[in-house]
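The values are calculated or read from the model by the stated rules, or taken from the named source; none is laboratory data. What you see is a predicted model; the values in this text were computed from it and never measured. In this analysis, Cβ positions are derived from the backbone assuming ideal geometry, glycine residues included, and neighbour counts consider all displayed protein chains.
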Amino acid sequence: MQAITLFWFRRDLRLQDNAGLYHALKSNFPVLPLFIFDTEILDELDDPEDARVAFLHQRITELQAELEHLGSSMLVRYGKPAEVWPEILQDYLVAEVYTNHDYEPRAIQRDEAVQNLLAQQNIPYFSFKDQVIFEKLEVTKLDGKPYTVFTPYSRMWKNCLASQMETIQENGIEQVISFFLKPYPTEKYYPNFWQTAPPPLPALSAMGFQPSSIAIPPTTVSRGLIKQYDKTRDFPYLNGTSRLGIHFRFGTISIREKARRALELNETFLNELIWRDFYAQILFNFPHVAQRSFRPEYDQIEWRNDEDEFEKWCAGKTGYPIVDAGLRELNATGYMHNRVRMITASFLTKHLLIDWRWGEAYFAKKLLDYDLASNNGGWQWAAGCGTDAAPYFRVFSPAAQQEKFDPEYKYVRKWVPEYGTDAYPKPIVDHKFARERCLEVYKAALKGG
Ligand SMILES: Cc1cc2nc3c(=O)[nH]c(=O)nc-3n(C[C@H](O)[C@H](O)[C@H](O)COP(=O)(O)OP(=O)(O)OC[C@H]3O[C@@H](n4cnc5c(N)ncnc54)[C@H](O)[C@@H]3O)c2cc1C
């Protein structure tokens with residue numbers, strides 16, 4: 001049997017500029033890429049038309065075709081990684097395993113189990129940073145502790161980026177760039193893919209899913225949009241953001257490539273990519289946030305958790321047009337504009353006093369770009385219990401947000417056509433009353449804490 005290196009794809013579904021794949025291709029054995037449709041994740045999804053699964057399947061099919069074109073293939077399995085891995089080790093003579101880091105608590109556990117299994121058979125396991133620019137404790141305060149406030153973190157992030165500059169050739173042009181943004185030239189080593197016939201790919205329907213009618217945004221964005229980003233990003237009625245979220249989530253684009261463009265074109269856009277790194281390191285360094293408030297005293301809040309109100313919020317029937325437009329956009333497209341994510345999350349937690357975890361779980365079900373670290377960070381920020389959160393007594397007024405960010409009701413009219421007619425519901429709660437109730441409940445919780 002031919003001894004091979006396995007490269008395990010997870011959140012890095014591309015051949016180009018892929019750190020772990022680059023290192024795998026430079027190993028001493030021919031490389032067979034692997035992808036596992038993980039039933040521990042898929043079984044928790046209750047929509048058979050989940051657009052993310054259809055996207056994932058389509059992307060794996062494309063990768064398989066790209067590899068076939070190179071005379072190679074990809075091994076695709078369906079099951080629990082803990083059960084799939086022993087089977088693979090029986091079927092193939094695996095000399096080494098390469099992959100890229102995943103920072104979510106469950107993924108860390110999964111990877112530790114696989115590492116242990118491999119160690120029992122003396123198979124080396126190598127993992128690399130690929131999905132962020134700086135990870136774990138690479139950007140810390142001077143005392144080595146992780147940052148929990150964004151602005152100083154982003155300043156230090158930029159210092160770290162500038163700390164190692166190198167000259168490279170890109171498309172025949174000499175450029176000085178940060179070592180941390182250098183692309184991995186995987187294409188140089190493509191001949192090291194194992195030349196083998198493609199094993200069968202599980203069909204989407206065989207996994208209990210179907211194609212989705214939700215469209216996936218492209219992987220490219222115009223330079224013009226990024227150049228204007230700081231001016232357009234806050235207005236939900238404009239096409240002013242990149243919609244790259246799902247591609248960052250599944251690694252169908254390279255963060256290094258996009259950060260290089262951001263550095264060149266728009267600092268505000270770069271700052272958003274830094275927020276992504278920020279929340280990834282928060283989740284890694286403070287994994288309790290996946291279940292509990294970053295600030296423990298906020299776990300004392302007595303949420304009202306009214307199920308009927310929650311259903312109205314989910315359906316976009318609260319009687320607050322910008323909130324309703326956001327939820328309806330999410331339900332129809334798997335996307336919600338960032339400004340509106342902040343408004344709807346604030347409304348659920350502060351106006352309705354519904355536990356942020358309920359909203360977080362709903363977004364997790366619906367967002368194409370769902371990412372535990374960023375979603376959790378966004379929800380805890382909105383509820384006031386997270387890192388860097390605005391003080392709890394700042395309660396967004398939906399009317400003031402509407403006035404500022406959708407003054408002509410263009411976004412609202414797109415998603416809530418019955419707004420302004422009798423068919424539109426009355427507000428679920430009075431703003432002034434809700435604000436005061438929120439302040440009382442938060443104050444009581446924090447006093448007791
Ligand atoms: C309550 C709430 C929940 C959120 N849930 C998610 C989530 O599950 N997944 C997710 O990727 N983002 C989440 N965000 C952050 C942000 O809303 C989205 O990243 C952004 O709206 C995605 O649209 P875009 O790709 O057009 O982003 P752009 O505005 O074009 O930004 C480019 C990229 O930068 C990153 N980014 C931008 N803003 C943020 C941010 N505030 N925090 C972290 N990364 C950011 C994303 O990767 C994004 O794709 C959430 C924000 C809030 C307030």
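Here is a list: Leu13, Leu45. Which entry is part of a loop (DSSP other than H, G, I, E, B), among the hydrophobic types (A, V, I, L, M, F, W, C) and more than 20 Å from Pro191 (Cα to Cα)? Break it down into steps so the answer makes sense when it comes.
Numbers: Leu13 fails: more than 20 Å from Pro191 (Cα to Cα).
Of the residues listed, the single one that is part of a loop (DSSP other than H, G, I, E, B), among the hydrophobic types (A, V, I, L, M, F, W, C) and more than 20 Å from Pro191 (Cα to Cα) is Leu45.
In this structure, Arg59 does not qualify as in a loop (DSSP other than H, G, I, E, B), closer than 24 Å to Ile133 by Cβ and in contact (Cβ under 8 Å) with a residue 60 or more places away in the chain. Take the conditions (1) more than 9 Å from the ligand (Cβ to nearest atom); (2) under 30 Å from Glu170 (Cα atoms); (3) in contact (Cβ under 8 Å) with a residue 24 or more places away in the chain; Thr241 misses just one of them, which is (1).
Could you say whether any residue in the range 415-430 is crowded, with 18+ Cβ neighbours inside 10 Å and more than 23 Å from Ala315 (Cα to Cα)? No: zero hits. For the residues Ala197, Ala215, Ala206, the requirement of being surrounded by fewer than 14 Cβ atoms within 10 Å (Cβ to Cβ) and assigned to a helix (DSSP H, G or I) singles out Ala206. Residues in the range 331-349 that are within 22 Å of Asp50 (Cα to Cα), assigned to a helix (DSSP H, G or I) and of a type in the set (A, V, I, L, M, F, W, C): Ala332 only. Criterion applied to Lys317, Lys312 was being surrounded by fewer than 23 Cβ atoms within 10 Å (Cβ to Cβ) and part of a helix (DSSP H, G or I), and the one residue passing it is Lys312. Looking at the range 268-281, is at least one residue touching a Pro at 6+ places or on another chain (Cβ under 9 Å) and within 16 Å of the ligand (Cβ to nearest atom)? Looking through the range 268-281, at least one residue is touching a Pro at 6+ places or on another chain (Cβ under 9 Å) and within 16 Å of the ligand (Cβ to nearest atom).
Within the range 357-379, does at least one residue satisfy the condition of being away from the ligand (no atom under 16 Å from the Cβ) and in the same structural domain as Tyr411 (by TED's automatic domain parsing)?
Here is the first cut: in the range 357-379, the residues away from the ligand (no atom under 16 Å from the Cβ) are none.
No; the residues of the range 357-379 include none that is away from the ligand (no atom under 16 Å from the Cβ) and in the same structural domain as Tyr411 (by TED's automatic domain parsing).
Restricting Phe180, Phe235 to residues that are surrounded by 14 or more Cβ atoms within 10 Å (Cβ to Cβ), in contact with a Cys (Cβ under 8 Å, 6 or more places away or on another chain) and under 30 Å from Leu368 (Cβ atoms) narrows the list to Phe180.
For the range 244-260, give me each residue that is more than 13 Å from Asp12 (Cα to Cα), near the ligand (Cβ under 9 Å from one of its atoms) and part of a helix (DSSP H, G or I).
Filtering the range 244-260 down to residues more than 13 Å from Asp12 (Cα to Cα) leaves 244-245, 257-260.
Within this subset, residues satisfying the condition of being near the ligand (Cβ under 9 Å from one of its atoms) are 244-245, 258.
If the condition is that a residue be more than 13 Å from Asp12 (Cα to Cα), near the ligand (Cβ under 9 Å from one of its atoms) and part of a helix (DSSP H, G or I), then Gly245, Lys258 are the ones that fit.
Across the range 380-388, a minimum of one residue is classified as more than 11 Å from the ligand (Cβ to nearest atom) and not β-branched (Val, Ile, Thr). Taking the range 394-404 as the range and being loosely packed, with under 12 Cβ neighbours inside 10 Å and either in a loop (DSSP other than H, G, I, E, B) or in contact with a Cys (Cβ under 7 Å, 6 or more places away or on another chain) (or both) as the test, only Arg394 passes. Annotation: of all residues in the range 261-298 being acidic (Asp, Glu) and either crowded, with 20+ Cβ neighbours inside 10 Å or touching a residue at least 60 places away in the same chain (Cβ under 8 Å) (or both), the one that is nearest to Trp358 (Cα to Cα) is Glu297.
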